[in-house]
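Structure record follows, encoded as structure tokens.
The values are calculated or read from the model by the stated rules, or taken from the named source; none is laboratory data. Nothing here was measured: the structure is a model prediction, and the numbers come from that model. Note that we place each Cβ from the backbone using ideal geometry, even for glycine, and neighbour counts take in every protein chain shown. The accessibility values were calculated without ligands, DNA or RNA, using every heavy atom of the protein model including side chains. Shrake-Rupley method; radii C 1.70, N 1.55, O 1.52, S 1.80 Å.
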Amino acid sequence: MAKGTAAVILAILIIGAISGYFFYTRYVQGTVVLSITDPPQVQPGSGQQYDPSILHIYLTFATMEIHQAGFGNSSDNGWYAIAGSHKTVDMISVLTIAKTLGSARLATGTYDQLRFPVSAAVVTFSNIGNVTYSIPSDSLKVSITGGGFQSSPGTNVNLRLTLSFLNNEILAMNGRLTPHATARIVT
């Protein structure tokens, strides 16, 4: 009788420990905060990031999503929203100060990529006004440097997206912009 009772108690303890572990790792989450900047890159011979005739570079993002490694790369598997609504950023305004785009609570795991559809790209010039551009495939996918980051219960991660454009590509006004993007952890 004592052996049977001990076995039942041991089984209950094991089931409780396993349940507690899964609850803790799945529902007690870490947090990621996503910000954006257009890093200063002085153009040769000009001493400026962009031509003085470029007043604004507006990008509108439909949503910002982060990918949990190990879930494949299909359209929906492993992707979680960080900023779920349309956000418009003037990239000229983030040349020196990063802007927070959103935050999300993440389950335990490794996160390795960002994905964000760009629904509009408009450049305002001092001499001609607004010019609309398209972004290749209307969506960008960026790997997080260093293989990503580990989210675990109680962690806070600051993720910085740097996005910039070539001055001569903007001035060509051919209707297309190719962003140069990286994503990295900042402290």
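A few comments on the model shown:
- Matching residues in the range 83-106 - criterion: being open to solvent by 10 Å² or more (accessible area, probe 1.4 Å) and not hydroxyl-bearing (Ser, Thr, Tyr): GLY84, HIS86, LYS87, ASP90, ILE92, LEU95, ILE97, ALA98, LYS99, GLY102, ALA104, ARG105
- With respect to the conditions (1) open to solvent by 50 Å² or more (accessible area, probe 1.4 Å); (2) among the polar types (S, T, N, Q); (3) closer than 30 Å to THR31 by Cα, SER151 falls short on a single one, namely (1).
- Leading residue by the ranking (modelled with the lowest pLDDT) among those in the range 49-68 that are open to solvent by less than 70 Å² (accessible area, probe 1.4 Å) and farther than 19 Å from LEU161 by Cβ: ASP51
- Positions within the range 1-45 being at pLDDT below 60, farther than 30 Å from ILE170 by Cα and open to solvent by 70 Å² or more (accessible area, probe 1.4 Å), in sequence order: TYR21, PHE22, PHE23, TYR24, ARG26, TYR27
- Single residue of the range 174-187 satisfying the filter (closer than 18 Å to VAL118 by Cβ and among the hydrophobic types (A, V, I, L, M, F, W, C)) that is modelled with the highest pLDDT: ALA183
- The range 112-139, subset free of Cβ contacts under 8 Å to residues at least 24 places away in the same chain and under 18 Å from the mean Cα position of the chain (by Cα), residue surrounded by the fewest Cβ atoms within 10 Å (Cβ to Cβ): SER137
- Top-ranked residue in the range 163-185 [being without any contact (Cβ under 8 Å) to a residue 40 or more places away in the chain and outside any loop (DSSP other than H, G, I, E, B); ranked as surrounded by the most Cβ atoms within 10 Å (Cβ to Cβ)]: GLU169
- Only listed residue being among the hydroxyl-bearing types (Ser, Thr, Tyr), in a strand (DSSP E or B) and touching a residue at least 24 places away in the same chain (Cβ under 8 Å), chosen from THR100, THR96: THR100
- Take the conditions (1) in a strand (DSSP E or B); (2) open to solvent by 80 Å² or more (accessible area, probe 1.4 Å); (3) touching a Gly at 6+ places or on another chain (Cβ under 8 Å); PHE71 misses just one of them, which is (1).
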